[in-house]
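The structure appears below as structure tokens.
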Amino acid sequence: MIKFLDLHKINARFQHEFQKSFNTFLDSGHYVLGKSVSNFENEFANYCGANHCIGTSNGLDALTLIFKGFIALNKLSVGNEVIVPANTYIASILSVINSGLKPVFVEPNPETFNIESSNIETAITPNTKAILMVHLYGQLCSNSVSQIAKKHNLLVIEDAAQAHGAVSSSGLKAGNLSHAAAFSFYPSKNLGALGDAGAITTNNKALYHVICKLRNYGSSVKYINEIVGYNNRLDEVQAAFLSIKLKALDRDNLKRQEIALTYLKEIKNTAVELPVLTSNVESHVWHVFVVLVKNRAHFVDYLEQHNIQTLIHYPIPPHKQEALASYTNLELPITEHIHNSCVSLPISPVMTIEETNRVILIVNSYNA
Ligand SMILES: Cc1ncc(COP(=O)(O)O)c(C=O)c1O
């Protein structure tokens, strides 16, 4: 069986380093917001080229803390509209709603799957104050999103949960392309912890300070609470594991890029629509390799019969989820088409050349 993603194999590479770091953690006797979190925050800020990093409990909390931070700084107000991509994982939208803001859904570009810049301006109203750009599937959004934001004096927030290490054509990394960025280190991400974890990067000092308080009961000095906060801290053990895995991120992304470029070159089947790389090779870190097919169930079944595991990112678009029933009547045909026909092929840093070639052979032999 060619697994979609072999998480055990990915993490087994670091087993001895993990064990050593756990022993150091155990011996330290300091288990919350200790050295491992602050070390990782410094390393990840440096990696992204951002001035500040704040470790958080997960990616959704990271996104939500950014919005709540801007509200605390009076840069956003409850009820403001935030432009969001309709084609995303529901967490992006939930962060806006959970912060008391209003998501305004914008259709994607059918080739890149990311928010289509030319659709943004018509969605802007006097109440629009921010754009959430999601680098979906690992590909950076077009830099025209930031240009539109600048023109309309809007905040830009990155959902970089799927794009750790992606580099723009101007050499800037995901996490340093906006006013603030959120990352998820959910185990299956390009940089994945061994449990829930997340982070925020920003160059905004005031936002950094307010989010540090928000994630820790509104406090920067123990038992002194300045604002109404939360407990959204990054765990020490996960931070230590992430520091170990961060050193391998560029190498792992390179491996994903190699596999993706091989797929793009070698998969030749008119029934299988391939994803489009729109900019420099480094601007896509291929968190997932998504193809579109007409008869998805048939294609998935066929691959399964040939021992190739696939996943669907994602089967139901956010506006069609029961949780977001008030948005169900929105007309978002491109988003719905992607969600109805997308299939993610196996891709990972531990996938072998033989496995890659086998996927290509089987996909090329598919008869729709
Ligand atoms: C695009 C996107 N945004 C946000 C999240 C939320 O991250 P987490 O699962 O760590 O809360 C995820 C991950 O699942 C994601 O893929």
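What the table below lists for this structure:
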{"read-out": "Selection from the stretch 141-170 of residues that are within 17 Å of residue 62 (Cα to Cα), within 16 Å of the ligand (Cβ to nearest atom) and touching a helix residue (DSSP H, G or I) at 6+ places or on another chain (Cβ under 8 Å)", "value": "156, 157, 159, 161, 162, 163, 164"}
{"read-out": "Test result for residue 90, at pLDDT 95 or above, within 11 Å of the ligand (Cβ to nearest atom) and of a type outside the set (Asp, Glu)", "value": "yes"}
{"read-out": "Every residue from the stretch 1-43 that is within 29 Å of residue 346 (Cβ to Cβ) and of a type outside the set (A, V, I, L, M, F, W, C)", "value": "3, 6, 8, 9, 11, 13, 15, 16, 17, 19"}
{"read-out": "Subset of the stretch 46-67 that is small (Gly, Ala, Ser) and closer than 17 Å to residue 193 by Cα - its residue that is surrounded by the most Cβ atoms within 10 Å (Cβ to Cβ)", "value": "62"}
{"read-out": "Meets criteria (within 15 Å of the ligand (Cβ to nearest atom) and either under 26 Å from residue 172 (Cβ atoms) or in contact (Cβ under 8 Å) with a residue 60 or more places away in the chain (or both)) for residue 67", "value": "yes"}
{"read-out": "Residues (outside any loop (DSSP other than H, G, I, E, B) and more than 23 Å from residue 75 (Cα to Cα)) located in the stretch 101-114", "value": "108"}
{"read-out": "Test: residue 199 is touching a strand residue (DSSP E or B) at 6+ places or on another chain (Cβ under 6 Å), of a type outside the set (Lys, Arg) and within 12 Å of the ligand (Cβ to nearest atom)", "value": "yes"}
{"read-out": "Residue match in the stretch 241-248 (condition: buried (at least 19 other Cβ atoms within 10 Å of the Cβ), modelled with pLDDT of 95 or more and either in contact with a strand residue (DSSP E or B) (Cβ under 7 Å, 6 or more places away or on another chain) or among the aliphatic types (A, V, I, L, M) (or both))", "value": "yes"}
{"read-out": "Residue match in the stretch 221-228 (condition: at negative phi, touching a Ser or Thr at 6+ places or on another chain (Cβ under 6 Å) and either of a type in the set (Lys, Arg) or within 16 Å of the ligand (Cβ to nearest atom) (or both))", "value": "no"}
{"read-out": "Selected residue [aliphatic (A, V, I, L, M), surrounded by fewer than 21 Cβ atoms within 10 Å (Cβ to Cβ) and not assigned by TED's automatic domain parsing to the domain that holds residue 171] from 285, 281, 228, 221", "value": "281"}
{"read-out": "Residue that is surrounded by the most Cβ atoms within 10 Å (Cβ to Cβ) [pool: residues in the stretch 249-271 that are in contact with a helix residue (DSSP H, G or I) (Cβ under 8 Å, 6 or more places away or on another chain) and hydroxyl-bearing (Ser, Thr, Tyr)]", "value": "263"}
{"read-out": "Residue within the stretch 246-267 that is in contact with a Leu (Cβ under 8 Å, 6 or more places away or on another chain), closer than 26 Å to residue 354 by Cβ, not assigned by TED's automatic domain parsing to the domain that holds residue 134 and not in a helix (DSSP H, G or I) present", "value": "yes"}
{"read-out": "Looking only at the stretch 293-331, and only at residues there that are among the hydroxyl-bearing types (Ser, Thr, Tyr) and surrounded by 14 or more Cβ atoms within 10 Å (Cβ to Cβ), the one that is farthest from residue 343 (Cα to Cα)", "value": "327"}
{"read-out": "Subset of the stretch 171-190 (residues that are away from the ligand (no atom under 13 Å from the Cβ) and outside any strand (DSSP E or B))", "value": "171, 172, 175, 176, 177, 178, 179"}
{"read-out": "Counted residues, the stretch 278-289 - those being hydrophobic (A, V, I, L, M, F, W, C) and either outside any loop (DSSP other than H, G, I, E, B) or modelled with pLDDT under 95 (or both)", "value": "2"}
{"read-out": "Residues that are surrounded by 17 or more Cβ atoms within 10 Å (Cβ to Cβ) and in contact with a Pro (Cβ under 7 Å, 6 or more places away or on another chain), drawn from the stretch 6-16", "value": "10"}
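The values are calculated or read from the model by the stated rules, or taken from the named source; none is laboratory data. On a predicted model such as this, the values are computed, not experimentally measured, just so you know. Note that each Cβ is placed from the backbone with ideal geometry, even for glycine, and that neighbours are counted across all protein chains shown.
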